[in-house]
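Novice: Pasting a structure below so you can have a look.
Values in this text are rule-based calculations from the coordinates and carry no lab data. Since the model is a prediction, treat every value here as computed from it, not as a measurement. Positions of Cβ are generated from backbone atoms using ideal geometry, with glycine treated the same way; all protein chains shown enter the neighbour counts.
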Amino acid sequence: MGVHRPTTIAEKLADAIGQQIIDGVYQPGDKLPSLRELARLHRYATNTIVSAFDILVSRGMIEPRRGSGFYVSSQLQQTGRADDEPGQLHRAMDTVWLMREQLKTHPDTTAVGDGFPPIEWLADMRLDRYHQKVVRTGLSALFRYGHRYGYAPLRDSLVRKLSMLGLGVNTNQLVLTQGANQALDLVIRYFVPPGATVLVDEPGYYLLFGKLKLAGARVIGVPRLPDGPDLEALEKILVTGRPRLFFTQSVAHNPTGSDISAAKAYRLLQLAERHDLLLVEDDPFADFKPP
C-alpha cells in the first residue's frame with residue numbers, strides 16, 4: 001500500500017503556470033516572467049521558482065534560452081476543443097492578450113483601446129487654473145479619500161440629468177467609476193460567481209468577454225439584430241439556461257453601432273421581469289447619441 005506524498009509548493013506553482021499555458025494566457029514562443037518577478041509576485045524563494053521551471057521543462061511545456069530566460073515551448077501543441085474555435089465566445093485567448101497589451105505603454109505610440117486624447121491636444125490646458133479651486137475645498141480633501149460613491153456634486157448633477165430622462169434616483173443609488181470597464185468589473189465581481197450562466201450580445205464587447213472568462217462564467221451569446229437583441233432567441237435561452245444576468249449595450253452598440261428600438265426595449269423589460277433576469281446596461285456612448 002503506497003503512501004501519498006504531499007504536493008510541494010514548486011509543483012503547485014508549476015501546475016498553475018502550466019494551466020495558464022494550456023488556457024492560452026501564454027502561447028508558444030511567449031517569454032515567461034523572470035525568476036525575480038515571479039519570486040516577488042508569489043513571495044516564494046527563488047529556488048522554489050527554479051524548481052517549478054525545472055518541472056515545466058521536464059514536462060516539455062517550456063524551454064530555457066541561455067541569457068534570455070524561459071519561453072513556452074514552440075513545439076507545444078494546443079489541444080483544440082469545439083468551443084475554442086475562432087469566433088466562439090468561449091475563446092478568450094486573444095482577448096486576454098489584448099487586455100494585457102492595454103497595460104503596456106510605448107513612447108509616441110497610442111496603446112490599444114487608449115481613451116486619452118493626443119498629448120498635443122492638451123498642451124494648452126492650464127491645470128493651474130483649477131489648483132485654487134481644489135485648495136479652497138480644504139486641506140483635508142487633498143490628503144484623504146473622498147466619498148466612497150464618488151464626487152458628490154457630480155452625482156447631484158447626474159441625478160438632475162436622469163430626472164430629465166424620467167428616471168427618479170437619488171445620489172445614494174449612484175456610484176462613480178473610472179470608466180465602463182471598472183463598472184463592469186465591479187458588477188462581475190459581485191454578481192457572477194464561478195460557473196454562473198450569463199448572457200451577452202453576440203457580437204459584443206471583447207473586454208467584457210475576457211472579464212467573464214477570467215471570472216469562470218459560462219457565457220451564452222444572444223444574437224444582435226439591427227434593432228437590438230434577438231428576443232425570440234433570448235426567450236428560448238431564458239427557458240432552458242435560466243441565466244441570472246444579461247450584459248447588453250442598448251445604444252451605440254459595440255461593434256455594430258446599432259440602437260435598440262423602443263418597442264423591443266419594452267419587450268426586453270417584460271422578459272426580464274418574467275424570468276427574474278437582471279439587465280446590465282452598458283452604454284458608455286449614450287451621451288453622444290441624439291436624444
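Novice: What number does the range 9-72 give for Rg over Rh if you use C-alpha atoms and the Kirkwood radius?
Specialist: Looking at the range 9-72, the ratio lands at 0.92.
Novice: Also: Pulled fully out, how much extra length does the chain show between Gln20 and Leu186, if you take 0.36 nm times their separation in residues and subtract their Cα-Cα distance?
Specialist: 57.4 nm
Novice: Thr197 to Ala263: FRET efficiency via 1/(1 + (r/R0)^6), r the Cβ-Cβ distance, R0 22 Å, to the nearest 0.05?
Specialist: My answer for the efficiency is 0.20.
Novice: While we're here: What is the spin-label model distance, in nm, from Arg160 to Lys12 if the labels are put 7 Å beyond Cα along the C-beta direction?
Specialist: Modelled inter-label distance: 5.5 nm.
Novice: Just the projected area, averaged over all directions, of the convex hull on the alpha carbon atoms of the range 174-288: how many nm²?
Specialist: 6.9
Novice: What percentage of all Cα-Cα pairs in the range 164-211 are separated by more than 18 Å?
Specialist: Value for the range 164-211: 47 percent of Cα pairs lie more than 18 Å apart.
Novice: OK, next. Using only Cα atoms, locate the centre of the range 192-228 and the centre of the range 1-62, then give the distance between them in Å, rounded to an integer.
Specialist: 31
Novice: So, one more: Please give the length that would be gained between Tyr71 and Ala45 if that part of the chain were fully extended, namely 0.36 nm times their separation in residues minus their C-alpha to C-alpha distance (nm, one decimal).
Specialist: 7.3 nm
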